Amino acid sequence: MSNENIIIIGGGVIGLGIGWQLAKSGAAVTIFDRDEAGRAASWAAAGMLAPYAEVHTEEPELLQLGIESLSLYPQWVDELETDAEMSIGYRVEGTLIVGLESDDTHQLRHLYDAQQQFGLDVQWLNGRDACDIEPALSPRVNSAIHCKTDHQVDNRLMIRALKNAFQKSDGVLHENRAVKKIVIENGSVIAVQTDEGIKPCDIVILAAGCWSTQIDGIPDDMLPPVRPVKGQMLALEMEDGIEIRTVIRTVRARYPTSVYLVPRSDGRLIVGATSEEMGFNERLTAGGMLELLRGAWEVVPGIYELPILESWTGLRPGSRDNAPILGKTPIDNLIYATGHYRNGILLTPVTAYEITKLILTGETSHTISPFQLSRFLLSEES
Ligand code: FAD
Ligand code: GLY
């Protein structure tokens, strides 16, 4: 199957990751992106690889997928850095989730109990122990969970590396060229349509993030149920006296926004993120920035004097059940790889390896079978 002509719609981490793996296997792969590839959610993200910190008891299969992808990261980083000949800023200092007040401690306890229930390797700390690990923390921090295996990668470097590696493997990348329509005949994909005309193909992979429903040709009842969820972010510059090494996340029971602080190797400190159901509105707001800065300042007071380098927003591709939509669809040769919501950077390796395997073998593995579109189609029938 590897000599097939494959088109991928969307050049975010998901499209590029799959494209790179398929092109390496010898397939003829073309990626179309309507803008600059990698400049949407993949660029906006914080790069946390955090299945343990973001565990939800109601999503056990998603947790397993996240843990599997986290375990693939060392191999992924090694392979990608070798192929692209550049670093992608993978850091393994772990994550601290911290609380300041007794309500926060209760919420943290609840999270810790869930983590214990799933047998995750996490440690309960008092405030002083947390400050020993990360001295920049406020003395007001009164409890914490240490997730030693929740790491981070520099997603913007990863995008650059994926573009390099994809093109070095003879993948073809068309930027600023939107796919308008997927052409389907007799229940099977035969081509895509762009402003430049019709491009025939054997397989289409839809990886257009939160815009995945906006492409003509797919019957309405077979569209992937994804929507945009806005996140506002900003970056500070760490200066003398503020040197943070671990990812820090807050639990603030009485506030609408919990924040995270992600230190990069180049000295940037990423602070995020709001989570807003605002459709395709991508505006930065004063309120959003206020929430982020207040939340970050409470746990790391030293940020008060740091310069602001940048602020931005991104649209997470959220599915109806927060899990990605992966694999075959009722339309022959149309594959979905979308809806990665808050975890697309974490889930890139497992998505890229598994979708590549699916295309090369025709078989859906146990790893991705719970995440097929059919879960939505079945529940609507019943
Ligand atoms: P995108 O990166 O959005 O890429 C989709 C691409 O499709 C875009 O480039 C777009 O231009 C293109 N496209 C759309 N329509 C068309 C068309 N018709 N034709 C051609 N191209 C088209 N995840 C984590 O794991 N860890 C984090 O710490 C994290 N933090 C986040 C923080 C924020 C603020 C946000 C917004 C997201 C965060 N995420 C995080 C989630 C993660 O960024 C996403 O899940 C992931 O980037 C999705 O990748 P994607 O390739 O599916 O989508
Ligand atoms: N996973 C972090 C975010 O989506 O903000």
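Side notes on the structure shown:
- Among the criteria (1) away from ligand 2 (no atom under 15 Å from the Cβ); (2) surrounded by fewer than 24 Cβ atoms within 10 Å (Cβ to Cβ); (3) of a type outside the set (V, I, T), the one D33 does not fulfil is (2).
- In the set (1) in contact with a Gly (Cβ under 9 Å, 6 or more places away or on another chain); (2) more than 16 Å from ligand 2 (Cβ to nearest atom); (3) among the aliphatic types (A, V, I, L, M); (4) modelled with pLDDT of 95 or more, the condition left unmet by V13 is number (2).
- Listed by first and then second residue, the pairs linking a residue in segment 194-217 that is closer than 17 Å to A37 by Cα and without any contact (Cβ under 8 Å) to a residue 12 or more places away in the chain to a residue that is assigned to a strand (DSSP E or B) and hydrophobic (A, V, I, L, M, F, W, C), with Cβ atoms under 6 Å apart and 6 or more places separating them unless they lie on different chains, form an empty list.
- Within segment 287-330, tally of residues that are touching a Leu at 6+ places or on another chain (Cβ under 8 Å) and not polar (S, T, N, Q): 20
- So K357, is it of a type in the set (K, R), free of Cβ contacts under 8 Å to residues at least 40 places away in the same chain and buried (at least 17 other Cβ atoms within 10 Å of the Cβ): yes
- Residues (within 14 Å of ligand 2 (Cβ to nearest atom) and within 20 Å of L100 (Cα to Cα)) located in segment 220-250: V247, I248, R249, T250
- If you go through segment 286-314 and keep only what is of a type in the set (G, A, S) and under 15 Å from L269 (Cβ atoms), you end up with G295, A296, G302, S311.
- Tally of residues being more than 16 Å from ligand 1 (Cβ to nearest atom), assigned to a loop (DSSP other than H, G, I, E, B) and either touching a Lys or Arg at 6+ places or on another chain (Cβ under 9 Å) or of a type in the set (D, E) (or both) across segment 332-366: 3
- Selected residue (criterion: nearest to ligand 2 (Cβ to nearest atom)) from residues of segment 42-88 that are closer than 27 Å to R160 by Cα and among the β-branched types (V, I, T): I67
- Residue match in segment 288-301 (condition: among the basic types (K, R) and either within 14 Å of ligand 1 (Cβ to nearest atom) or outside any helix (DSSP H, G or I) (or both)): no
- Checklist (1) surrounded by fewer than 14 Cβ atoms within 10 Å (Cβ to Cβ); (2) near ligand 1 (Cβ under 9 Å from one of its atoms); (3) of a type in the set (A, V, I, L, M) applied to I198, failing item: (2)
- Number of the exception - R252 against (1) over 20 Å from the mean Cα position of the chain (by Cα); (2) within 10 Å of ligand 1 (Cβ to nearest atom): (2)
- Evaluating L261 against the criteria (1) within 16 Å of ligand 2 (Cβ to nearest atom); (2) closer than 27 Å to D35 by Cβ leaves one unmet condition, (2).
- Of all residues in segment 302-331 being within 15 Å of ligand 2 (Cβ to nearest atom) and either in a loop (DSSP other than H, G, I, E, B) or among the small types (G, A, S) (or both), the one that is modelled with the lowest pLDDT: N322
Rundown of residues vs (1) exposed (fewer than 14 other Cβ atoms within 10 Å of the Cβ); (2) touching a Gly at 6+ places or on another chain (Cβ under 7 Å); (3) within 30 Å of G171 (Cβ to Cβ); (4) touching a residue at least 12 places away in the same chain (Cβ under 8 Å), yes/no style:
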site: L80; (1), (2), (3), (4): no, no, yes, yes
site: D83; (1), (2), (3), (4): no, no, yes, yes
site: R91; (1), (2), (3), (4): no, no, yes, yes
site: L96; (1), (2), (3), (4): no, no, no, yes
site: G99; (1), (2), (3), (4): no, no, no, yes
site: L108; (1), (2), (3), (4): no, yes, no, yes
site: Y112; (1), (2), (3), (4): no, no, no, yes
site: L120; (1), (2), (3), (4): no, no, no, yes
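The values are calculated or read from the model by the stated rules, or taken from the named source; none is laboratory data. The model shown is predicted, which means the values in this text are computed figures rather than measured ones. Cβ: placed from backbone, ideal geometry, glycine included. Neighbour counts: every protein chain shown.
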